[in-house]
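See below for the structure under consideration.
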Amino acid sequence: MKVHHYGIATKSIEKSIKSFLSLGYSPSSEIIFDPLQGVNLLFLKNENDHLIELVEPGQEDNPVSKILSKSGTSIYHICYEIDDINSKIEELKKKRFISIIPPTPAIAFNGRKICFLYNPTLGLIELLEK
């Protein structure tokens, strides 16, 4: 599995951009509203193609709001790009991962499927199908 990006929960994409610009990142997308998750997203990239996804609440009562209330701005998931999402989910379920969001077409990835899984030792991961 290849790391695709790190997801960072933030109360404000606009405020977070300023900090990442000072670290050599620049926006690699427009701000995207994801109605399925109720969040706004922005991807940033640095000269080494290290990709970060800033995620802010776009509607009330979404999972990112809960993360922010518990942890504040923080990395809350690692996204891995994989070939076959369904077989990887089955493999990870055998290793104590719990499916949080089933495979769903993602607006941020032009309809490619994503899913979120949780492991009590590792926390939240996202799978992105190639």
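Here Glu30 fits the description: farther than 19 Å from Leu124 by Cβ, open to solvent by 70 Å² or more (accessible area, probe 1.4 Å), outside any helix (DSSP H, G or I) and not basic (Lys, Arg). State yes or no: is Ser99 open to solvent by 40 Å² or more (accessible area, probe 1.4 Å) and either part of a helix (DSSP H, G or I) or modelled with pLDDT under 95 (or both)? So Ser99 fails the test.
Does region 43-54 hold any residues that are of a type in the set (A, V, I, L, M, F, W, C) and closer than 19 Å to Gly111 by Cβ, and which are they?
First pass over region 43-54, keeping only residues of a type in the set (A, V, I, L, M, F, W, C): 43-44, 51-52, 54.
Within region 43-54, Phe43, Leu51 qualify.
Filtering region 33-68 to residues that are within 18 Å of Ile114 (Cα to Cα) and in a helix (DSSP H, G or I) leaves Pro63, Val64.
Would you call Tyr76 of a type in the set (Ser, Thr, Tyr) and crowded, with 18+ Cβ neighbours inside 10 Å? So Tyr76 fits the description; yes. For the residues Tyr76, Tyr118, the requirement of being within 26 Å of Glu14 (Cα to Cα) and of a type in the set (Phe, Trp, Tyr) singles out Tyr76. Of the residues making up region 41-68, just one is within 14 Å of Ser12 (Cβ to Cβ) and of a type in the set (S, T, N, Q), namely Ser65.
For residues in region 69-91 being hydroxyl-bearing (Ser, Thr, Tyr) and not in a helix (DSSP H, G or I), which is farthest from the chain's Cα centre (by Cα)? Residue satisfying both the conditions and the ranking: Thr73.
The values are calculated or read from the model by the stated rules, or taken from the named source; none is laboratory data. Predicted model, so just to flag it, every value in this text is computed and none were measured. Here Cβ is always computed from backbone atoms with ideal geometry, including for glycine, and neighbour counts include all displayed protein chains. These accessible areas exclude ligands, DNA and RNA; they are computed on the full protein's heavy atoms, side chains included. Shrake-Rupley method; radii C 1.70, N 1.55, O 1.52, S 1.80 Å.
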